[in-house]
Amino acid sequence: MSTIIAARFKQQEHVQAAIAALQDAGFAEQSISSFYVNPPGQHDRYQLGGDHNKSEGAEETDKGMLAGSVAGAAVGLAALPVVGPVGALVGAYVGSFLGGLASTKETTELDAAGNVHPHEHPSGMMVAVALEPAAEPQQREQALALLCASGGFDAEAAEGRIEAGDWLDFDPLEAPQRIEGSA
């Protein structure tokens, strides 16, 4: 495992410039990885697609739907003399829908400045470089400076393995560990 410094880029030309700058600075070609991160939800971790077994924030919807359908059926039964037997069915249906909506949670986190902190990597092009353990402190600052000077932003640090230009253990669902002070 090595320390990996990575940054996102908006333009392919900036990706190429970052790779060239890293190589010119002495980073080995096989320790540099460039790749595209798909948008959240499009990593096809499950056979039917998607990244999670259930949508984030929707873990409690089953319970909400059950509670809503019971409450709706009760209201429909209470209105039985007015609306007839269909009222209980319509009440259960509407109640399950509203209960499911009410139990869905908002999962976005904001810091004091109102910035969104993603729970996983946002989409975009990335360049990453694995640092040599013996030279890590010096290489860390150098790699960060080169990535940012080439147009990189949202720089992050991670532990992992880059071999032959592939970040083997990159997980797009893992929350990025941002480096403070990187644009």
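For this structure, a couple of remarks:
- Those helices (runs of 4 or more DSSP H) of the stretch 1-102 in which at least 1 residues are modelled with pLDDT of 95 or more and in contact with a helix residue (DSSP H, G or I) (Cβ under 6 Å, 6 or more places away or on another chain), considering only elements entirely within it, cover 12-24.
- Considering residues of the stretch 124-140 that are outside any helix (DSSP H, G or I) and not aliphatic (A, V, I, L, M) only, the residue nearest to ILE5 (Cα to Cα): GLU132
The values are calculated or read from the model by the stated rules, or taken from the named source; none is laboratory data. Just so we're clear, the structure is a prediction, and the values are computed from it rather than from any experiment. FYI the Cβ positions are ideal-geometry reconstructions off the backbone, even for glycines, and counts take in every protein chain you see.
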